Every structure is written in structure tokens, then in C-alpha cells.
Amino acid sequence: MKAAAPPSTGDGQQDDGIPAFQLMDPELVKDQYGFFARLRERAPVWWAELPDGSRWLVPVRYEDIRAAHLDPVLRQKPDPEDDPVSDEEGGIWRIYNEHPVVSDPPKHTRLRKLLSSAFTARQTERLRPRITEATDELLDTIAAKGAGGEPVDLMEEFAWQLPLILICELLGVPVGRRQVFHDWAQNARDFTGGTTHEGREEIAYRIIDVIKELVEERRAEPTEDLLGRMVHARDAEEGRLSEMELLSTAFIVLLAGFETSVGLLGNGVYALLRDPEQRALVEKDPTLMPHAIEEFLRFDPSLFLTNVRICGAPAVVAGVRVRKGQPVLLSLGAANRDPERYPDPDTLDVSRKASGHLAFGYGIHRCIGAPLAAMEGEIAIGRLLDRFPRLRLAEEGELPYIPNPIARTLLKLPVLVD
């Protein structure tokens with residue numbers, strides 16, 4: 001099939017010969033996969049132009065994106081002397097700036113080692129009964145709401161609910177203290193403009209206040225949940241974890257721990273409901289579900305444009321020489337749809353060997369909770385299909401996603417369960 005016309009590229013070829021596109025191009029928000037497929041056909045690397053006039057280098061092929069994740073020159077932050085952030089500056093940026101996702105070695109190594117004990121294969125498997133129980137409780141609610149033939153929104157009643165329940169339990173947030181996290185989830189769904197940036201920041205401060213309260217409670221009475229172990233590392237092992245690192249890491253575990261799973265559940269179910277042949281394969285052979293989960297992650301990951309890296313020194317990225325301090329944007333979604341890596345990439349195939357996908361990142365910063373998220377998806381989607389064998393979409397046509405070029409999250413997923 002002949003490729004569609006290429007997307008808008010701003011002023012076209014730059015002085016360095018690399019083409020450019022506008023990062024906020026409406027066509028990118030509308031169709032991320034098609035947009036990047038057209039970019040890939042024209043050139044292996046592009047400039048993304050931001051509204052402020054700055055430019056990020058954007059590789060668009062799997063091998064280049066994967067290699068960039070492994071390049072030690074590409075850092076999460078500039079060198080400290082280039083971008084100092086003092087303890088006195090405070091603010092939500094300071095709190096967000098101290099967790100392992102945005103840290104480089106050796107700090108990243110220390111923080112990740114601390115968290116790794118909570119995400120071992122053994123610890124993950126121990127959560128299987130609770131994931132199953134929580135899933136069945138939500139399915140009971142869905143069955144009651146859909147019993148009369150009324151549509152049920154699986155995003156509202158399932159995809160946003162289950163991951164938040166599980167990550168709060170893992171960290172140790174009691175049921176009565178979770179409202180602020182539900183507010184954060186609602187804010188994410190209101191990306192269309194219903195909630196302001198200031199509102200999101202205000203919710204973030206409230207989350208930090210709850211975490212601080214829980215930290216003090218664990219100092220008075222130690223617990224074995226993840227937050228309790230983090231408090232112990234902070235207080236009992238001098239130098240292991242600063243107070244700011246403790247707050248920041250707990251913050252990112254809560255937020256990243258459920259937002260990624262939301263996309264997996266929503267996008268995975270949506271993909272199956274639109275492809276009866278693939279759904280039938282999974283229902284006929286449940287042992288295919290682990291393969292199906294990996295394929296869902298490859299086919300439509302929760303994060304499309306993410307993982308900004310900064311060149312810590314002059315470097316060569318995707319064959320292009322770049323200066324120190326140059327931002328590089330790595331698209332996980334674009335990598336996962338590269339036909340050089342995955343034949344017929346725009347087709348869902350639950351029997352495909354989708355290993356190697358970049359939905360959880362790659363290298364030292366690969367999502368530490370990836371096995372937990374995969375198991376959660378396997379249990380939740382499997383039991384959803386078992387419980388509702390006549391599950392079907394309640395609306396025809398394409399369902400809308402939150403209009404965000406970074407993420408891939410459905411605004412709604414109305415289904416009929418009767």
C-alpha cells in the first residue's frame with residue numbers, strides 16, 4: 001500500500017540536513033502510530049520542535065531507540081553543575097527529582113537496589129491471590145451494573161480501579177487514605193482541559209502530605225509493606241536513603257505503578273474486543289494469555305513518547321553527532337511498530353513472539369515493576385473474559401484516547417456484559 005502523505009515537518013530540512021516535525025502537531029495527537037510510520041519511511045532520525053523553539057533529537061527505528069537506552073552517555077539529567085537543584089528550592093519539582101526513574105548511576109543503582117526486594121519473582125508471585133481477589137470483586141460490581149443490559153465503562157469500573165487498589169496495598173496505603181490517589185487518576189483523565197496544571201500540582205502536594213503522614217506512622221510502628229521497608233532503609237542504614245529520596249521514590253511508585261497498568265488493561269481488552277479471531281484463540285487456549293499480554297504491550301503500550309535523555313557529553317545518536325546537553329526523545333511506541341523488528345507490526349497477533357518490546361523501557365531503567373504489571377494483566381484480562389463470555393463493545397467506531405501525545409489511555413471503554 002502506498003504510504004500516506006508525510007506529516008507536517010515545520011520548516012522542512014534543517015541546516016544539518018535532518019528533517020523536523022512539530023511535537024504538538026495535531027496529527028501526532030490524532031494518530032501516533034501512523035504519524036511515526038510516515039516519519040520512519042522518510043528518515044531514521046528527526047528533530048522534534050517544541051513550542052518554545054527548542055529541538056529534541058528523535059530516532060524512529062527500533063534498533064536506534066534500543067541502543068540509545070543502553071548508551072551511558074545519554075543520561076536522565078544534565079551534569080549537576082549544568083542544572084543545579086538546591087535543597088532550598090523545594091516545590092513539587094524537587095520532590096519529583098529524587099526517585100530512581102530520573103536518576104543516573106551511582107544514585108540510580110542505590111535506589112533501584114532498595115526497591116528490587118519488593119519486586120522479585122517470589123514477591124510478585126505472592127501477590128497473585130490478592131490480584132485475583134481484587135479482580136473478582138470488581139467483576140462482581142461490573143456484573144451488577146451491566147445486568148440490565150446497560151453499558152458499563154471498563155475504564156471507569158476496571159482499568160482505573162484495579163491497579164490503584166494493588167499499588168496502594170503494595171505500598172501500604174490504607175483504604176481510608178486513598179481518595180487523593182483517586183483524585184490524581186481523575187485528573188489524568190481530565191487531560192482534555194477539565195483540570196488545570198495547577199490543580200494537578202495541588203493534588204501532588206496532597207499526595208506527598210499523605211505519604212509524610214504514613215512515614216511518621218511507620219517510624220512509630222514499623223511495618224513490612226514497601227513503605228515500611230523504605231522507612232527502615234532511611235532511618236536504620238545511614239546514607240542509604242535521604243528523606244527527599246524516600247518521599248520521591250514512594251511518590252513515583254504510587255503513580256507510575258498504576259498509570260502504566262491502566263493502559264495495559266484498557267488497551268489490551270480493547271484490542272481483543274476489536275479482533276474476534278484473536279480473542280477466540282485466547283479463549284480456546286488460555287495458555288496463550290502470557291503471550292497475549294506481551295503482544296498487547298508491543299501493539300499499544302501505555303506510553304508512546306517518553307524517556308527523554310540528555311547527552312552528558314558529545315555523542316553519536318542514531319548516526320548523528322550531537323552536542324553535550326542535547327535532549328533525545330525515545331519513542332517506545334514507534335520502536336514497537338518498526339516493521340524491521342516486528343513483521344506486520346500493525347496487526348495484533350497473540351501468538352507472536354513479542355519479547356524484546358520496549359513498552360517498559362530497556363536497560364538499567366527498565367520498569368522494575370514490569371513482571372508485576374504483566375501478571376496483573378494476565379489475571380485481570382483472563383478472568384474478565386471467563387466471567388463475561390459475551391462481552392462486547394457497546395459503541396461502534398473508534399473509541400477516543402486521552403488527547404495526549406505522550407500516553408495511550410482510552411477515555412472510555414463502554415461494553416455490554418449481559
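FYI, it's all coordinate maths here, none of it is from the lab. What you are looking at is a predicted structure, and each value in this text was computed from that prediction instead of being measured. Note that each Cβ is placed from the backbone with ideal geometry, even for glycine, and that neighbours are counted across all protein chains shown.
Below is a table of values for the structure above.
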{"read-out": "At R0 = 25 Å, FRET efficiency that the Cβ-Cβ distance of N404 and Y205 yields, to 0.05", "value": "0.65"}
{"read-out": "Cα-based Lys pair tally, the chain, threshold under 28 Å, eight or more apart or on separate chains", "value": "14"}
{"read-out": "FRET E, pair S242, K324, Förster distance 30 Å, beta-carbon r, rounded to 0.05", "value": "0.60"}
{"read-out": "Sparsely packed GluC sites (Glu not before Pro) within the range 126-231, loop by DSSP, other Cβ within 10 Å at most 11", "value": "E224"}
{"read-out": "Tail weight of P(r) past 35 Å, computed on alpha-carbon pairs of the chain, percent", "value": "29 percent"}
{"read-out": "Förster radius 51 Å - calculated FRET efficiency between E221 and M24, Cβ distance, rounded to 0.05", "value": "0.55"}
{"read-out": "Residue with peak Gaussian network fluctuation, the chain [Cα springs, cutoff 10 Å], from L330, L70, L166", "value": "L70"}
{"read-out": "Principal axis dimensions, largest first and in whole angstrom, of the range 120-209 by Cα", "value": "41, 38, 23"}
{"read-out": "Gained length - A370 relative to D71, 0.36 nm times residue gap less alpha-carbon distance", "value": "105.5 nm"}
{"read-out": "Segment Q186-R122, extension gain: residue separation times 0.36 nm, minus the distance between their alpha carbons", "value": "19.8 nm"}
{"read-out": "Cα-derived Rg to Rh of the range 250-304, Kirkwood definition", "value": "1.07"}
{"read-out": "Shape box of the range 119-268 [Cα atoms, principal axes, largest first, Å]", "value": "58, 39, 26"}
{"read-out": "Whole-number D in µm² s⁻¹ for the range 204-344, Kirkwood Cα-pair radius fed into Stokes-Einstein, 20 °C, 1.002 mPa s", "value": "112 µm²/s"}
{"read-out": "Stretchable slack from A144 to S351, in nm (0.36 nm times residue separation minus alpha-carbon distance)", "value": "71.2 nm"}
{"read-out": "For the range 298-381, the Rg and Dmax computed from alpha carbons only, in angstrom", "value": "15.2, 46"}
